[in-house]
Amino acid sequence: MLALFTPAGLEEAFRGMSTPAQRLELPTGAVTYSTGDLKQTARRLTEYGARFLTPDQIAEQLPLYPKWLPSNSDKLMADRRDLART
């Protein structure tokens with residue numbers, strides 16, 4: 001997978017939210033994408049210029065983007081709409 005982040009500097013947000021691995025196993029009680037605070041993560045990333053699109057914005061701006069959504073998409077979309085209002 002190739003990911004391009006613009007504007008430059010977004011990688012600093014990832015560094016600030018992470019810690020180096022001590023072992024190859026996932027530590028007990030580790031925060032993962034499914035257990036982390038998505039609103040806090042989204043706020044942190046927006047400080048670095050990241051933008052989160054609602055499903056309608058995705059359909060408009062990325063018409064060829066696949067239409068399937070993960071099973072937790074309703075919660076994710078509600079969180080994104082909440083962020084857009086703040």
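The table for this structure:
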| item | result |
| --- | --- |
| Of all residues in the stretch 44-63 being under 15 Å from Arg80 (Cβ atoms) and either touching a residue at least 40 places away in the same chain (Cβ under 8 Å) or under 12 Å from the mean Cα position of the chain (by Cα) (or both), the one that is surrounded by the fewest Cβ atoms within 10 Å (Cβ to Cβ) | Arg51 |
| The stretch 28-43, subset small (Gly, Ala, Ser), over 10 Å from the mean Cα position of the chain (by Cα) and surrounded by 10 or more Cβ atoms within 10 Å (Cβ to Cβ), residue farthest from Phe14 (Cα to Cα) | Ala30 |
| Those residues of the stretch 1-27 which are at pLDDT below 80 and surrounded by 10 or more Cβ atoms within 10 Å (Cβ to Cβ), in sequence order | Phe5, Pro27 |
| Selection within the stretch 63-75 - among the aliphatic types (A, V, I, L, M) and modelled with pLDDT of 70 or more | Leu64 |
| Residue in the stretch 40-59 that is at pLDDT below 75 and of a type outside the set (Lys, Arg) present | no |
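The values are calculated or read from the model by the stated rules, or taken from the named source; none is laboratory data. Note that the structure is predicted; figures quoted are calculated from it, not measured. Cβ coordinates were reconstructed from backbone atoms using ideal geometry, including for glycine residues, and neighbour counts include every protein chain displayed.
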